[in-house]
Amino acid sequence: AQIAWWHYQHTLDLEFLRTYGWPLIKAVAEFYSAYLVEDKSSGKLCIPLSKTCEDTVFNSAPDSRLVKNSLIDLAAFHALIRDAAKAAQALGLEEDASRYSELLTNMAELPVSEGEFALADKVLLDLPQSHPVTLSPIYPSEIVTAAGPEKLLPVARKTLERLWRCSSRVTVGG
């Protein structure tokens, strides 16, 4: 679905979007929207049962493998629903665009700490994470692009600057 949207973004081929892209984008958005449920404590839509890629490393007990709002999944959900809203808007499907935009507005937000996407130790999850989850809102889900969302652009820039400063490639001349 994301590739179909990217194709439209780069070509502006509205006929491709209408004929091939939109049916795929809408089907994927509907599939993932069905997973969202209201979090009673925050009132936001969340992903109730998700599985992080570290579960086999940290959790041998099957009942502790499913968590709420795994960051990689949350970033992907944001991107999928956002792209569906934009595709619907491009096609003039205002009802769909409005519904997906409302879902996105009411979805659990990506964790931000001190002006950056939260590092793993700052992310409140039901289990630990070991890899730099700060990247997931930026790549590969493309949740933040040069086009926005505007409020996350400085967060993404600051996160990337910090990752660059911490990178081993800096010390080896990469």
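The values are calculated or read from the model by the stated rules, or taken from the named source; none is laboratory data. Since this is a predicted model, take the numbers as computed values, not measurements. All Cβ positions, glycine included, derive from the backbone under ideal geometry; neighbour counts span all protein chains shown. All accessible areas refer to the heavy atoms of the entire protein, side chains included, with ligands and DNA or RNA removed. Shrake-Rupley method; radii C 1.70, N 1.55, O 1.52, S 1.80 Å.
A few remarks follow.
- Single residue of region 98-119 satisfying the filter (in a helix (DSSP H, G or I) and among the small types (G, A, S)) that is surrounded by the most Cβ atoms within 10 Å (Cβ to Cβ): S101
- Residue in region 5-34 that is most open to solvent (accessible area, probe 1.4 Å), counting only those that are closer than 14 Å to K86 by Cβ, touching a residue at least 24 places away in the same chain (Cβ under 8 Å) and aliphatic (A, V, I, L, M): L14
- When restricted to residues that are touching a Phe, Trp or Tyr at 6+ places or on another chain (Cβ under 9 Å) and at pLDDT 65 or above, region 145-174 contains 5.
- Number of residues in region 1-15 that are within 11 Å of L91 (Cβ to Cβ) and more than 20 Å from the chain's Cα centre (by Cα): the value is 2.
- Residue within region 103-116 that is at pLDDT 70 or above and closer than 24 Å to R18 by Cα present: yes
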